[in-house]
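So the structure is just underneath, and the comments pick up after that.
The values are calculated or read from the model by the stated rules, or taken from the named source; none is laboratory data. No experiment lies behind these values; they were computed from the predicted model shown. All Cβ positions, even for glycine, are placed from backbone atoms using ideal geometry, and neighbour counts span all protein chains on display.
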Amino acid sequence: MTFDEIEGFAEALPAGRALAGLDFGEKTIGVAVSDLTRSVATPLETVRRRKFTHDAARLSEIFDGRAIGGVILGLPRNMDGSEGPRCQKTRAFARNLSGVIALPIGFWDERLSTVAAERALLEADTSRARRSDVIDHVAASIILQGALDRLAHLRQSK
């Protein structure tokens, strides 16, 4: 099941389970995971895309092995907030993935997440070669951390 609004996503989440964040791209899928308290996002790995069935199997493996209770998928909106072809591909991926995994999938606006990841890696003096290896899962952690912060705010306002 997919959720455009974070509030609906929050209500569908099981208690005591971690979340995964995905940065879906043309060639790769960056993966990040949270801790069980859903406080901190940590970059995990970059999955090289092949066929959907292979990609979904690898993601399922990660989700099962890490007690994942929900997935945050970065939605690459245009700078004016509109949705273009990349958003359509991301939404199609989410629909297909929801047919394979029984976890709630929430969308999170990922505008500038890769820019923020690049900046963080530059500040950490990461080499160009290393940056290209880790940029996607670092971007996934930035996407996931934004959603975790919003979820924490929702919990506090109840």
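Below is a table of values for the structure above.
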item: Residue that is surrounded by the most Cβ atoms within 10 Å (Cβ to Cβ), among those in segment 1-21 that are charged (D, E, K, R) and farther than 22 Å from Asn96 by Cβ; result: Arg17
item: Filter result for the condition that a residue is among the small types (Gly, Ala, Ser) and touching a Gly at 6+ places or on another chain (Cβ under 7 Å), over Gly65, Gly70, Gly25; result: Gly70
item: Selection within segment 1-32 - closer than 9 Å to Ala140 by Cα and in contact with a Ser or Thr (Cβ under 6 Å, 6 or more places away or on another chain); result: Phe24, Gly30, Ala32
item: Close pairs (6 angstrom Cβ cut-off, 6 or more residues apart or separate chains): at pLDDT 90 or above in segment 138-158, in a helix (DSSP H, G or I) and surrounded by 13 or more Cβ atoms within 10 Å (Cβ to Cβ) anywhere; result: Ile143/Ser113; Arg150/Ile6; Leu151/Ala10
item: Test result for Arg58, loosely packed, with under 14 Cβ neighbours inside 10 Å, at pLDDT 90 or above and of a type outside the set (Ser, Thr, Tyr); result: no
item: Only one of Ala67, Ala41 that is among the small types (Gly, Ala, Ser), within 18 Å of Leu144 (Cα to Cα) and surrounded by 20 or more Cβ atoms within 10 Å (Cβ to Cβ); result: Ala41
